[in-house]
1. If you build a Gaussian network model of the chain, linking Cα atoms that sit under 10 Å apart, which residue out of 88, 200, 124 swings the most?
2. Ignoring ligands, DNA and RNA, what percent of the accessible area of the chain is carbon or sulfur (1.4 Å)?
3. At 1.4 Å probe size, what's the solvent-accessible area of residue 40? Round to the nearest 10 Å².
4. Tell me the net charge near residue 49. Cut-off is 14 Å between Cβ atoms, residue 49 excluded, with +1 for each Lys or Arg and -1 for each Asp or Glu.
5. Suppose we keep just the alpha-carbon trace of region 1-153; what are its Rg and Dmax in angstrom?
6. In terms of Cα to Cα distance under 16 Å, which lysines are near enough to residue 202, apart from those fewer than 8 places away along the same chain?
7. How much net charge surrounds residue 123 when only other residues with a Cβ under 12 Å from its Cβ are counted (Lys, Arg +1; Asp, Glu -1)?
8. What net charge do the residues around residue 92 carry, taking every other residue with its C-beta under 12 Å from that of residue 92, with Lys and Arg at +1 and Asp and Glu at -1?
Amino acid sequence: MELNADFSERVVMHSDQLEWVQSPMPGVDRRMLDRIGGEVARATTIVRYAPNSAFSEHTHTGGEEFIVLEGVFSDEHGDFPAGSYIRNPPTSAHTPVSEPGCVIFVKLWQFAPDDRTQVKIDMNKMEAVPAQGRSGVSIMPLFQDVRETVRCEVWDAGADVTLELPEGGEFLVLEGSFDEGGGTLSKGGWLRLPVGGVLNAKAGPNGARIWMKMRHIPHAKPPAA
């Protein structure tokens, strides 16, 4: 399966307008944003766990990165409430479950094969700091290595935000909204810009809280056979 697999194109997806598609596991549904592959795929997805649902134990050969958007996601390593940012590197394994139910934004098969860095951050317990030289913008760093930069930005109401993206980037609206490219992205909106793209955004009347990943587009490729 290929969905939004041309990384030279600008892509906008309003995830709350997509139909839920049942996964192979009962009680676990998906809204696909981009995908290269079948059940083993380089993929960006919104995943919903029904209350008391579980996913079978599995190893993340290509790594897994996710944000808990609603509810509580749990595995043998802990309970992760909404606002949690997690990176499970290649070779890591777990058995996901959610007693109250949850919704997560998840990216699969997008790590360097030798990456072994585990990250567990509760963004509710972090404070965004004002961005130097960028009026109305505060930044919460989440992860950075030679391949990518991941952070959360908080934009004040009406803030004008311009970011040059020599290696591309993607953006998920966690709260609020912003205008870009003649349209509005609200909570759940996802934007991917290609190498050489420029983000020209204006925060909505209630501001915006944006998860963003940059510098990773040149490394986009399907999972190993």
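1. Checking each option, the largest mean-square fluctuation is seen for 124.
2. Details: 5310 of 10310 Å².
Solvent-exposed carbon and sulfur of the chain make up 51 percent of the total.
3. For residue 40, the solvent-accessible surface is approximately 90 Å².
4. On the way: positive: 30, 31, 48; negative: 29, 70, 75, 79, 99.
It works out to a net charge of -2.
5. Rg then Dmax for region 1-153, in Å: 15.9, 49.
6. 187
7. On the way: positive: 120, 125, 151, 209; negative: 122, 127, 153, 175.
Around residue 123, the charge tally is 0.
8. Numbers: positive: 87, 116, 120; negative: 57, 64, 65, 75, 76, 115.
Local net charge: -3.
The values are calculated or read from the model by the stated rules, or taken from the named source; none is laboratory data. All figures in this text were calculated on a predicted structure; none of them were measured in a lab. We place every Cβ from the backbone using ideal geometry, glycine too, and count neighbours over all the protein chains shown. Heads up: the accessible areas ignore ligands, DNA and RNA and are worked out on the full protein's heavy atoms, side chains in. Shrake-Rupley method; radii C 1.70, N 1.55, O 1.52, S 1.80 Å.
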